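Structure record follows, encoded as C-alpha cells.
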Amino acid sequence: MIDLNVLCGMKGKTALITGASSGLGAGIARFFASAGVRVMGLARSERTGQAVIDEIVAQGGDACFRKCDVTVMADCEAAAKAAFERWGRIDCLVNCAGATRRQTVEDLEEADWDRVIDATLKGVYTMCHCVVPYMKRQGGGKIVNIGSGWSLKGGDQAVAYCASKGGVWNMTRALAIDCGPHNINVNCVCPGDCDTPMLKSECEQLGGTYDEAFKASCAVRPLARLGTPEDVAMSVFFLCSDMASWITGSSLVVDGGGIA
C-alpha cells in the first residue's frame, strides 16, 4: 500500500507564501498548513494577513505572519532571513502576490503599469533573489510562481496584467535552468478565473457588478464553474511535494478547461 503522506513528503516542511492575506495566497496558506506544512505568510496588509494566520493557528496549524511588500528588496531580505532563522531551512517558496488593472494601453496610466508590473513580476524576482541562496545552501527546494491563463494567451483590457503574467511564466523557465543544478525545482501554476477578491476587483474595474450573473459568465468553460482557492492550492501543493521531484520549468494550467 502506498502512503500518500509519505509519498508527498510535505509534513513538517516549511513554506514562504506571498500574497497570503486573501484570495489564492490565503487559500494556499490554509491548505499547506492543514497538511502539516509550517507556513510563513507574507503580505502588505498586516490586519488581514494576521487574521488569516490567526485562523490557521486556531485550527492547529504551525504558522506565522510577516508584513512584507514584495516590491521592496529590504522587506524580502528580512522575510527570508526570518524564515531561515525560525526553521533552519526554507523548503518551499510560493510567489502569489500580484495586482491587476483592467485597461487598454492608451487608457492605462504609467503609475498603474508600474504598480502591476512591480507587484506581479518584480515581486517574483525579489523573493527568488532572496530565497534561492538559502535553498542552495541547504541543498535544494521548490519554487512555485502563480501565473495565469493569460500567461499563455492575451486578454482584453489587460495589457499590464498580461505582460506581467507572461513574464512570470518565462521567468519561471529561466529560473528552472539556472536553479536546476542546485536541486531547486521551479514551476508555474496558471489559474483561470477563481472566486476571489481580485476577480471582484476586475469586475468592478470593468464597470460590472460582482453578482451571480457575472460569475456565471466567467464559468463558461468545459467544467462549467469558477475555480476556488483550494483548486489552485492543491496544484501548488503537488508541485512542492516529492511527487513532483522531476518536474521543473513547467506550467500547470488550472482553469476548468478555459483555454483548452
The stretch 6-18 - phi-based ³J(HN,Hα) in whole Hz, Karplus 6.51/-1.76/1.60, Gly and Pro as x:
6, 4, 5, x, 9, 4, x, 6, 10, 9, 9, 10, 8
Could you tell me how far the Cα centroid of the stretch 236-253 sits from the Cα centroid of the stretch 35-80, in Å?
23 Å
In a Gaussian network model of the chain with springs linking alpha carbons closer than 10 Å, the residue among A244, A15, A233 that fluctuates most is A244
If eta is 0.890 mPa s and T is 25 °C, what Stokes-Einstein diffusion coefficient results for the stretch 12-134, Kirkwood Rh from Cα pairs, in µm²/s?
169 µm²/s
Based on the Kirkwood radius over alpha-carbon pairs, what value in µm²/s does the Stokes-Einstein equation return for the translational diffusion coefficient of the stretch 1-56 at 25 °C and 0.890 mPa s?
212 µm²/s
Run the dipole for the chain about the Cα centre, Lys and Arg Cβ at +1, Asp and Glu Cβ at -1, nothing else charged, and hand back the magnitude in debye, nearest 20.
860 debye
Take each complete run of DSSP H in the chain, measure how far its Cα atoms stretch along the helix's own axis, and keep only those covering 24 Å or more with mean Kyte-Doolittle hydropathy at least 0.0; list them.
159-179
Using helices alone, what [θ] at 222 nm do you get for the chain, with -39,500 (n - 2.57) per DSSP H run of 4 or more residues, divided over all residues and rounded to the nearest 500?
-14000 deg cm²/dmol
With an 8 Å Cα cut-off and a minimum separation of 6 or more residues, compute the relative contact order for the stretch 157-226 in percent.
19 percent
Based on other C-beta atoms within 10 Å, arrange V132, V94 from fewest to most.
V132, V94
Among G192, G12, G27: highest mean-square fluctuation, GNM of the chain, C-alpha pairs under 10 Å
G12
Mind checking which of S21, S164, S201 has the largest fluctuation in a GNM of the chain, springs on alpha carbons under 10 Å?
S201
Could you compute how fast the stretch 179-260 diffuses translationally, taking Rh as the Kirkwood radius over C-alpha pairs and applying Stokes-Einstein at 20 °C with viscosity 1.002 mPa s? Give it in µm² per second.
150 µm²/s
Where Lys and Arg each count +1 and Asp and Glu each count -1, what net charge lies around D114 among other residues with Cβ under 15 Å from its Cβ?
-2
Could you order the peptides 76-83, 29-36 from most to least packed, using the average number of other C-beta atoms within 10 Å per residue?
29-36, 76-83
Count the lysine pairs in the chain whose Cα atoms lie under 15 Å apart, taking only pairs 8 or more positions apart in sequence or on different chains.
7
Please compute the net charge surrounding P133, taking Lys and Arg as +1 and Asp and Glu as -1 over other residues with Cβ under 13 Å from its Cβ.
+2
Quick calc of log₁₀ I(q)/I(0), the stretch 91-136, Debye, one scatterer on every Cα, no solvent, q values 0.30 1/Å, result -1.04
Two decimals is fine: what's Rg over Rh for the chain, C-alpha atoms, Kirkwood radius as Rh?
0.95
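Each reported figure results from applying straightforward, stated rules to the coordinates on display, with no laboratory input. Keep in mind that what you see is a predicted model, and the values were worked out from it rather than measured. Methodologically, a virtual Cβ is constructed for each residue, glycine included, from the backbone with ideal geometry; neighbour enumeration extends over all protein chains shown.
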